[in-house]
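One structure below.
Every read-out reported here was derived from the displayed coordinates using simple, explicitly stated rules and does not represent laboratory data. Note that the structure is predicted; figures quoted are calculated from it, not measured. With ideal geometry, Cβ positions are generated from the backbone for all residues, glycine too; neighbour counts draw on all protein chains shown.
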Amino acid sequence: MAAHTENHGKSFLKSLIVNNKDIPAMPFIILGLILCAVGGFAVISVFVKGHHEAYGVTRQVPWGLLISSYAYFVIISTGIAFIGGLGHAFGYEKYAKISKRIVVLATIVLLAGFTQILMEIGNPLRMVYMMISPNFKAPIFWMGMFYGIELVILAFELYLIFKPNQTEADHKLAAVAGFLALLVGVLATSNLGYVFGSLNAREWYHGIYFSTFLVVSGVTAGAALLILVHTIVYKGSLPAELKPSMVSLGKLMGGGIGVMMFLYLWKMLSSIFTEPGDAYMSVMSLINGPLSFNFWIGEMLLAVILPLALIVTAKGSIKKLSMAGFIFLIGLFFTRFDFVVAGQLPPMRKGLAGSGVITDVAGFAFYSPSMLEWLVYMFGFGVFFLLYFSAEKFLNLETESHH
Amino acid sequence: MATKKFGIVLDAKKCLNCKACTVACKFENTIHPGEDDYRIWVTELELKGTYPNISQEYQPSQCQHCENTPCASVCPTKATYKSPEGVVLIDYDKCILCKACMTACPYDARYENVHLHAIDKCTFCYQRQPEGREPACVETCPTRVRVFGDLNDPESEASKLLARNHTYQLKPERNTRPRLHYIK
Amino acid sequence: MKLSRRKFLAASGGAFAAAVAAANLTSLKAVAESGHGDAQTGEKGEKHIASSCEMCVNKCGFYAHVVNGRIKKLNPNPRFFKSRAMLCARGNAGAEEPYNPERLKTPLVRDGERGSNKWRKISYEEAFQIVAQKLAEAKTKYENRSSVAFFSSEGLQEGSFQMLAQTYGSLNTVRHPSLCLSSTIQGWSSVYGVYPDADLANAMFVVMPGANRAEALVTPDSMDFLRYRPKGQQLVVLDPRFTNTAAKADKWYPVKPATDMAFMLAMINVIINEELYNKDFVANMTEGFDELKAHVQQYTPEWAEKECEIPADEIKWCAREFAKYAPRSVIYPGRRTSWYVDDVAFRRACAIIPALCGCWDVPGGIVPKSGVPLKNPDIMYPFYDMVEERLDVESFGEFDNNLPDDARKEAGLPTDSVAYLGEKDGSWIRFREAVLRGEPYPVKMMMVYKQNFVEAAPNRAKTLKMMEMMDFICMIDIQMSDTAFYADLVIPESTYLERWDVVHSLAGIWPIATFRQACIEPVYQTKSMFEITGGIVDEMLKIPELWDDTDEEELEYFKEDFVEAILHAPIQDYIKYQVSGFENGYEKLLKDGVIYKTDQGVYGQSAKPGYRFKTRSGKIELTNVKYPDKGLDALPVYRRARQPKDGQFRFILGRHGWNTHTGTQNNEFLWEIQKENTLWINSKEALKLGIKNGDRVVVKSSVGEQTVKAEVTEKIRPDCVFYAHGFGRVSKGMSLVYQKGASQAAILEDYIEPISGNAAMHETFVTVSKA
C-alpha cells in the first residue's frame, strides 16, 4: 500500500516535470544562484555578527531596509493573488488565462518576502510564542496569521492547478480558493498598513491612508510583475491569446498608478498642514529632506511618471507595457523604503546633548542601510529568481483552457 | 483590594546633569557602554536667551510606564506586559525582536539588548522590589530629583509630592498616561 | 633629649600593640557570630561590603554588591550622611575600575627611551629591589636624601607613601594643595585661623564667587544647595562662565575675571558704611575693624562697578541682603582656587564679610570643621645626617616668583619666596622652578604616588624638561597616567575596591570617619601602597649604605616599632588601633563602613568660653596681625590685574561632575558621557573670528598650543575661553582619551600665588584661530 502510494506520488511528480527549452530561464536561474550565494553569505554573516552589529538600523529608526523589502515582496504577492482572484473567482477571463503563473508567482514572491522578515526578526524561533501567547490586539500577530493563511491558500491553489485530471469540483474549489486568496491578501496588506498605523508614536502612519495605498500599489505592482514576467518568458512575442490579458493588466496598472497619484496628492498636502507635528516632519523628509532623492526620483519619476507615460502611450505595445512594469518595480522599492523610513525619521526626542539621540541640523534621525542589509535584500531576489525561473524551466505554467 | 501603583515624581529643577542616575542604571542592569544602549537619560534642554540673560534646564527621563501602553498593545507575543503594580516589563524569552514596541513608543525608551537578545528598557529596577529597595536612579541621585513610590498610597512621599505640586507629564497628546510626573 | 624620645617611642609602640590585641579579641568574636568570615573567602554567592569611594576626594560611603567574587554595582551607603547617601556618576563608574582593560596589572620597567611606551614586565619583588637600589644610589651619589622628591596625590593611602618618604628621610614631599586649594586655606585661615565650611543646608543668602558646586561635586554642599535648600534661600553666583551652578542661581553675575575682589571690597564698604554689620560680634570677636573701615572707604560700589562690571546697585543689594539674613548668610570659601596671583588677598576679602555680620559657627553661617577623634600611632623615623631643607624653602631669594607684569607684581606680594609654604605640601611650581635650576642643590630622583603632574601642573613642556633631568622616576598608580608614561618604573597599586585602607576622619560640619576594606580579591595580584611601602622598606633594610648616617640604636627602635609592629603587621591592626577609642569600633566599621559620634551638624565649638582662634591675636582678624611681619598687606588691597588685549582671551578652568582631574577619563562608562572636551567661545566672538560650532580651532598661549573643537555658546563672557580638564592626553596607555581633545597643562602659563605657593591658573591669555 505504502509502496503504491509512493509510486503514485512519484509518477504524479514526474508527470509535472517538463523541460521548457524555449523559455530563457537559465540566465535568471544563474542570477538567482549567484544572488542566493552572495545573500547566503550575508545571512551567515548576520547570524555570526548578530543583527545589532550587522544592520544599520538604530534605536531611533528600528525598522529599515528589510521591513521595506519584506513589504515590497509580500505586497506584490498579495497584489498578484488579487489579480488571480479576479480571474478565478470573478470570472475575469483575461486573468484566468494566466492563472497558473499567477498562483506560482504569488507563492514564490511571498516566499521571497518571508526570507526578508525572517532575517529582520531577531528571534524567528521565538515566533512560536505568537501561538502559545498570542496578543490579539497586536497587528503583527494578525500579520503573521494573514500571511500564514495566505501561504496555505496559495499552496492549496498550487495543488489544484497542478492536479492532473481536474474535475468541475476542482474548478469550483479553485474559484473559492482564488477568492479567499484575494480576500486574505487584501486583509494582510491592509493589515500591514495597520501594523504601522497602530504605532502610537508615529503620526505619519495614522489613518486609513497606508492600508489603502498599500493595497492599491500592491495590485499595481502585481500587474507590473505579471506583464514583465510574461514578456520575459515569451521573449517579447506573446501568443495572441495572451495579448488581451497583458493589455488589460496594463490598464489595471495604469489605473492603479492613477489611484496612487490621487492618494499621494491628498496625503502630502494634508500632512504639510499638520505642522509642527511629526507627520509634517515626515512629509518634509520626503519633499525636502534626507529622503527627497528617493521621493522625487524613485517614488515620483520611476514609480509614477515614467510608467504612467509609457502606459498611456503604449497603444497595445507589450514592450512598452513591460518597460513600464520594469521601471515601476524599481521605483516601487523607493516607495516602500520611504514608507517605512519617513515615518521614523522624526525622532521621539530631540537630538540634544545628553539625550542619546543624534539628529541632523533639520532635526531628523539618521538611517542608511548597511551592506549586509542590501545583501539580504538581494537574497530575497535570489530566492525569487531561482525558484520562479526554475518553475518556468521545469514545470508547465501554461494555463489550459478551463472550458 | 488595594493594589499598588508605582510611579516616579521628578523635580527636574534639582537636576545637576551629573549623570549619576544613568551610570548607576548601567551597572544595576548590566548595560554595557554603547551608543544606543541605555535605559535612562538626562537631556540638556535648549539654552534659552542670549548672553548674559540665559537659562538652562535639564530633563532626566526614562520609560514612562504608561497606563495606556502603546508598546504592549503592539507586541505580538505579550512579551511586554504589566506587573500588578503597573510596571511595564518585558519577558525576554518571549521577545521575537520585531521592534514594533520600539517604533510604537513615543518616548524612545526602548533599545535592543544584544546580550539578552531582546528588547529592553527601564523596569523601575523591578529586581529590587522583593527587598523593597528604590530603583538605582532614585537611590543614587545626589539631589534626589526622583521620588519613587506607590501613587495609590496617599501617605507615600511620591503621592504627597504629587498632591502638593503642579505637575506635568511628557507628551500628554499621545494619551499614554505616563507614571512619570514632573514638578512644574 | 634622645632618651626621652626613646621612652616615648617605646610607650607609644606598646600602646599600639595592646590596643590591637584588644581589638582583635572583639573582632574574632564578631566574626564567629556573624559568619562574616565565610563571606570573605567564598567566591560564590552575593554579598554587600561597606567601603568608600576613591573616584574623587570626597570618599563617599558605599556598599559594594559583589556577585560571585565580581563587583556588580556600588550602591550608596545610607549611613553616609556626609554625602547625603548618594553616589555620583564617577562613584558608580568606579565599579569598572578593577576590570578596566587598561589598568596596570604588573610592575613595568622601561625598555626603551622615556615615553617610548616600551616596557618589560617584572615582579613586585624585582620592582622593590630596583627602588631600594636607586634610593641607595641617590643617597651615596648626592649625599643628600632630599635629592629624591616624593610627589603624592590625596587619598587614604597617601599616608603609606609618606611613610616611605619619611623612612628614606627626604624633606621634599610635594603634595597636591599648591595646584588646588592652598590659597583659599591660607586666605580664610588668615582671618579665622582655620579653613571653614559654609552651611548651605541652612543658609538663606549664599554668594558663590566662582565655585561650581553643581559640577565640581563636594559633599555635602553639592547636595545641600539643591536638595536641602531652605525655602527662600537666595543664591548669587559670580562666574565668567554660565556654569550649571549659575543655571541654578537666583542671580548670575558674569564677573570680569580677576576683579572679584572689587566686588567683595565694595560689599564690605556698604556693610560698614550703612552700619549693617553685627556690632556686638565685631566688638567681641574681631580684631582690626577700624583699620578695615578706613581701608575700604576707597572701595565704593560705584568704583567696583567699573572694575568688575557688576552694577553698583547689585553690589549694594547683595550687601544689604547678606546683612539682612545674617547670621544665615555665607560667602562660599571655595575649593580649587588656583586662579590668580593675588588669590589669598581675594579670599581674605571674602572671609571678612561673614565675620562683619557675625555669620560664624552657627547654622546657616560659616562653620569651622569638626573631626572624628581617631588614634594614630606616633611613628618615629630615624634622624639622618644627609638631609637638606626643602628645596622650595632653600631656594628663597634665589630667583623671582612667576608673576605677571602688572600692579600686583609691584606691591603686596613676595617676589622671591613663598610667604606661607606648606611644610609637607610645598609649592609645586616653585619646586619645579628650583629643580630646573638645580639650585641650591640637585634633585635627581622622583617617587610619585598617583600625582599625574604631567597633565595637572601648568606648562607641560617645563614639567617634561624637569623629568628629563631625573636619574630615575618611579610611579605608583592604577593606570598608565601621563606621568607614568614618562617614568622608568611603574608599580601598579590595587584599586580601592581590592584593598584595605586606613581610617580617615572627614572633617566638616557633619564629621564622619570612613575607611576601606577589600570588596574583592585583587584581580591581578596587585598590592596596596601600604604593602608596596612595606616591600620597598624591607629591601632598603638589606642595603647597609642606606643607614650609615643615622644612630644605630634609633634604627633598631625604628625596625621594631614601625617596620615590625606596623609595616609587617596586617593593615587591619592599624585600623583597629585607629578606632580603638570607639566601642566595637572595628566591627562597626566593617559592618557600616563609617564611624561617627553624631549624625547632627556640629556648631558652636568656638563659642565655648576661653576659645582662642588660631590667629596671632586669638581673635578673628579683620586686619591681619602677622602679615606685615613678612611685608604683606594687613588688609586686602585691590590692585588692578592685567586684562587680555584685543584678539586675546583669558583661558579659564573649570570642572564638571563626570570626571575627576585626569584620573577617570579612561573609564568607558564616564568616557561615553564626554568623549572629548570642546573650547567654549562666546558666540559673538566666534562670529568675529569666523568660527562655527564644531570647527577645529587652535588655542595658543606663550607656552604651547592645542587644537580642539569649538563649542560656540552664549554661556561664557566674550573675553574668556574655556575647556574642560583631562583631555588631549599624551599617554598611549589611556587609549580612550589619547590625543582626544585638548590639554590644559600644555597651554597654561606657570604663574604663582606667592603667599600660599598656589599655582595661578587663570592668568593665561590665549589666541584662538581656525585650524
For peptide B:73-86, compute the average count of partner chain beta-carbon atoms within 10 Å of each residue's beta-carbon. 5
Could you tell me how many cubic angstrom of Cα convex hull volume the protein assembly as shown has per residue? 218
Neighbour counts of other C-beta atoms within 10 Å: give me B:153, C:592 arranged from fewest to most. B:153, C:592
Among beta bridges that DSSP assigns inside the protein assembly as shown, antiparallel share in %, nearest 5: 60
Computed E for residue C:411/residue C:106 - FRET, C-beta separation, R0 41 angstrom, nearest 0.05: 0.15
Given contacts defined as C-alpha pairs under 8 Å and at least six residues apart, what's the relative contact order of region A:112-258, whole-number percent? 18
With N set to the number of residues, divide the alpha-carbon radius of gyration of chain A by 2.2 N^0.38 Å and report two decimals. 1.01
Summing +1 for each Lys or Arg and -1 for each Asp or Glu, what net charge is found among the other residues whose Cβ lies under 10 Å from the Cβ of residue B:8? +1
Exposure proxy check: C:408, B:164 ranked by fewest other beta carbons within 10 Å? B:164, C:408
Taking every DSSP bridge whose two residues both lie in chain C, the antiparallel percent to the nearest 5 is 55
Once you wrap a convex hull around the alpha carbon atoms of region C:70-166, what is its projected area averaged over all directions, in nm²? 9.7
Principal axis box of region A:158-199, alpha-carbon based, largest edge first, Å: 49, 15, 6
Under 12 Å, Cβ to Cβ, from residue C:425 - net charge with Lys/Arg +1 and Asp/Glu -1: 0
Can you give me the distance in nm between label points at residue A:16 and residue B:48, each placed 7 Å from the Cα along the Cα-to-Cβ direction? 7.1
Among A:316, A:29, A:351, which residue has its Cα positioned farthest towards the positive end of the charge dipole of the protein assembly as shown, with +1 placed on the Cβ of Lys and Arg, -1 on the Cβ of Asp and Glu, and the dipole taken about the Cα centre? A:316
Quick check: the angle from helix A:26-49's long axis to the longest principal axis of chain A, C-alpha only, nearest 10 degrees? 40
Which value in nm describes the separation of the simple spin-label points at residue B:167 and residue C:597, placed 7 Å from the Cα toward the beta carbon? 4.3
Can you pull the mean other chain C-beta count within 10 Å for peptide C:686-699? 0
So how much slack lies between residue C:625 and residue C:114, counting 0.36 nm per residue of separation and subtracting their Cα-Cα distance, in nm? 179.0 nm
Suppose every K and R has +1 on its Cβ and every D and E has -1 on its Cβ; what is the size of the dipole of the protein assembly as shown about the Cα centre, in Debye to the nearest 20? 4300
On Cα atoms only, tilt of C:182-192 relative to the major axis of chain C in degrees: 70
By the rule of no other cysteine beta carbon under 4.7 Å, the lone cysteines of chain B are B:15, B:18, B:25, B:66, B:75, B:95, B:98, B:105, B:125, B:141
Looking at the P(r) of chain C, how many percent of alpha-carbon pairs lie beyond 46 Å? 20
How many angstrom lie between the Cα centre of region A:39-106 and the Cα centre of region C:694-771? 57
So what's the net charge close to residue C:318: Lys and Arg +1, Asp and Glu -1, counting the other residues with Cβ under 12 Å from its Cβ? 0
Work out the mean other chain Cβ neighbour count within 10 Å for the residues of B:45-53 and drop it here as an integer. 5
Regarding region C:531-609, what are the three Cα extents along the principal axes, ordered largest first, in Å? 54, 37, 19
Under the Karplus relation 6.51 cos²θ - 1.76 cosθ + 1.60, θ = phi - 60°, what is the ordered set of whole-Hz ³J(HN,Hα) values for region C:497-512, x standing for Gly and Pro? 8, 10, 9, 9, 10, 5, 7, 9, 8, 8, 6, x, 5, 10, x, 8
Work out the charge dipole of the protein assembly as shown with +1 on the Cβ of Lys and Arg and -1 on the Cβ of Asp and Glu about the Cα centre, then indicate which of C:500, C:204, C:150 is farthest towards its positive end. C:204
Going by C-beta contacts inside 10 Å, put A:388, C:142, B:81 in order with the fewest on the left. B:81, C:142, A:388
Ranked highest first by the average count of other Cβ atoms within 10 Å around their residues, in what order do C:209-216, C:604-611, C:301-308, A:235-242 fall? C:209-216, C:301-308, A:235-242, C:604-611
Given charges of +1 on the Cβ of Lys and Arg and -1 on the Cβ of Asp and Glu, with all other atoms neutral, how large is the dipole of region A:248-403 about its Cα centre, in debye to the nearest 20? 260
About the Cα centre, charge dipole magnitude for chain A (Lys/Arg +1, Asp/Glu -1 at Cβ), debye: 340
Principal axes of region C:211-274: Cα extent on each, largest first, Å: 36, 26, 19
Relative contact order (%) - chain B, alpha-carbon pairs under 8 angstrom, separation at least six: 32
Relative contact order (%) - criterion: Cα under 8 Å, at least six apart; region: chain A: 31
How many Å³ per residue does the convex hull of the Cα positions in region B:6-183 occupy? 135
